[in-house]
1. Under 5 Å between amide hydrogens, which residues at least 5 positions from B:Thr35 or on another chain qualify, with H placed 1.01 Å from N in the peptide plane?
2. Determine the sum of side-chain charges near A:Phe54: Lys and Arg each +1, Asp and Glu each -1, restricted to other residues whose C-beta is under 11 angstrom from that of A:Phe54.
3. Test of understanding: in a Gaussian network model of chain A with alpha carbons linked when under 10 Å, which of A:Ser32, A:Ser138, A:Ser116 would top the mean-square fluctuation ranking?
4. What is the magnitude of the charge dipole of the protein assembly as shown about its Cα centre, with +1 placed on the Cβ of each Lys and Arg, -1 on the Cβ of each Asp and Glu, and no other charges, expressed in debye to the nearest 20?
5. What longest range of chain A stays clear of loop-exposed GluC sites (Glu not before Pro) (DSSP non-H/G/I/E/B, at most 14 other C-beta within 10 angstrom)?
6. Please give the peptides B:4-17, B:214-227, B:268-281 ranked by average Cβ packing (other Cβ atoms within 10 Å per residue), highest first, as a rough proxy for protection.
7. Which three lengths, in whole Å and largest first, does the stretch A:52-175 cover when its Cα atoms are put on their principal axes?
8. Give me the Kirkwood hydrodynamic radius of the stretch C:3-107 in Å, from all C-alpha pairs, to one decimal place?
Amino acid sequence: MGEVKEKKASKPDETSEEGIPGVITTTTSAISDLLKKTKVQDLINWGRKNSLWFMTQPMGCCGVEMIAMGCAHYDTDRFGIIPRNSPRQADVMLISGYVTKKYLPALKRLWEQMPSPKWVMCIGDCSISGGPFYESYSTVQNIDEIFPIDVFVPGCPPRPEAMLQGFVELQEKIKAKKDLGSEY
Amino acid sequence: MEEQLEPNEMIVHLGPQHPMQPGPFRLNLRLKGETVVDADIELGFIHKGIEKILENKTYLQGITIVDRICYLVALVNEECFVGCTEKLLGIKPPERSQYIRVILDELTRIQSHLLGMGEFGEFIGFVSMFMYAIREREEVLGLIDMVTGARVTHSYLKFGGVRDDLPDGFKEKALSVFNNLKKSVDDFEEMFHTDRIFRERTVGVGVLTADVAKNLGVSGPVLRATGVPFDIRKNEPYLVYKDLDFKVCTETAGDCFARVQVRINEIRESIYILEQCLDQIPGGPLFPEGTMYGRRTPVMRVPAGEVFHRVEDPRGEMGMYMISDGSDKPYRVKIRGPYYPTLQALPPLIIGTTVADVASISGSMDGCTSEADR
Amino acid sequence: MDVAEILKSLTDAFPEAISEATAESEIRAGSYVDKDKVKKVCQYLKDSLQFDHLCSVCGVDYIKRNELEVVYHIASYNHPVVLTLKARLPRENPEIESIVSVYWNANWYERETYELFGILFKNHPNLKSLVLPEDMLGEWPLRKDYEGFPNKTARNLV
């Protein structure tokens, strides 16, 4: 905690570009080291993994199982996972289905609208490798060359219990600090 | 649509990802204040090219692909494809298989209508309707799961019959599920009729008359809510529908409330059909006697010819036009989905209404964008 | 009205445009139609014979005969007969009259046939691409000589 004291007070004749009145800048990475390399990061990860909010985006057949997963019988609310409609309020993007050439620019834009830290989960065979439509002229295969994907859930479509297992695996990954979504 | 905008007009894109849509399509609205002046639809965000893929697969592999045209009513899509091929082959499945197919078709109709009503509630903000409907739908999906082994995509039908017989204890479990379902459907109807906000948002909204509906080419519950009794199960009966007793449900008002009422009545008629089927189902073989169907037939050549077959989908009239040239792969398959003309008829209906009514009207059409795009 | 009366009435009204009219069963009939008279035949069917429901419009590629065909399926809300009309077009420059002014819901069917096969519909109010992305227009994917399918479009073949 001691190194934080090295701060540049705003001198009256200081005319750098960052000389905004009332702002103190440091040259060390002390605060960010505190947050990322000590046990504070474990605390932050515990908070993040227990409240993963996903964006509802039914794109294909796996979309209807995604809707069924969020409702009675296979409730996700007990894990802290609730659906949000807007990308600006969501943490996890579920690619549930095939991606076509016409939809890919819209998907990239949705991804950029999500604030970080953000994670992607691939559900179903179609997003992993093409699925039953692997030879179509209109689908895009191998999505993991475009997005940084953490968890793959295979199946055509996977049962809702398998998708819940996918979320639990993502939680384990965040706890072990091996996910691709947050910057370590 | 993008001509000179006046000072208080603007264009809004209800883009591919929106909470108000059953699947990705883009609805462009030109608004003057809150009133819609012009509307346009862009499709194709989940176009997979199924018709081209089917030309490269054998008929048996085609059953698995056809399942995925509309994932909510997979068994009815299989019924259409298998019905076309059986007409070209010239075979007819025995009675027990026909009754099993009718049972699965009607169970699919019940769960599709429940999901349609639930999603309509979710689009206009009535989320408790959505939760109740999905809970009842899970019971019906459990019945389908007992027979075919899967919840969404089945691959259960075969040429000349079905893959497996009904399991033991199916009839008792089904009758107990139907008893609970009848009480729940009565509860839903009371929920719709007595909720004041729901009535104000749906009664008198999106009115279609019979002549306009026929001109626009719609079919299914949307047409039956205007008073036209058009049902493929009565016009050209297929399977054993001519031996069963049921009536075609119609209403006369033509607005969103009438379409929901038609769907509730159809759930009750479907339960009545299912009770008759479970009573009347005969014993017997699953495949035609003395033929090779039912055993493993890896190479099956279909005689040359062409056929157009129609079935009654929960959303309307579904048809398939199949051309065969004598080999083991189809030459051309054209899929005519029921939601395609209904979606085309949406822009003329919403011109002149407010943005909040757009949600009501497009939700009451109960669509599945996947079969409009194929 | 039964199938025989319908076919007789149709062939009497258009003797030179309709050819090879056959009744396959009690509820199905089909015939070939001349490509310049399609709109008049459809107008007659809608006005006089109660065929007011257009089921679909699609295209078929017969590469061995060097022809494209446009197939219309027309049905009715009152009787169960479905009529199949086929029009033959040359493969190099396929053009046909649009029937949007007779049946309103033919709009999207014709747009899709245009972008998948390359058949031009004259006097169509809004002929642009519907299900394919804009930059794929001109490739006509559903023709039989579309190169690359299936081997070039699939990436994960073992």
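1. HN-HN under 5 Å from B:Thr35: empty list.
2. Numbers: positive: A:Arg84, A:Lys118; negative: A:Asp91.
Taking every Cβ under 11 Å from that of A:Phe54, the sum is +1.
3. Maximum among the listed residues: A:Ser32.
4. Computed charge dipole of the protein assembly as shown: roughly 1240 debye.
5. So the longest stretch without any such site is A:19-182.
6. B:214-227, B:268-281, B:4-17
7. Taking max minus min along each principal axis of the Cα atoms, the stretch A:52-175 gives 41, 29, 25 Å.
8. In the stretch C:3-107 this quantity evaluates to 14.1 Å.
Bear in mind that the values in this text are calculations on the coordinates, not laboratory data. Bear in mind the structure is a predicted one, so any value in this text is a computation, not a measurement. For neighbour counting, all protein chains shown are included, and Cβ atoms are generated from backbone atoms with ideal geometry for every residue, glycine included.
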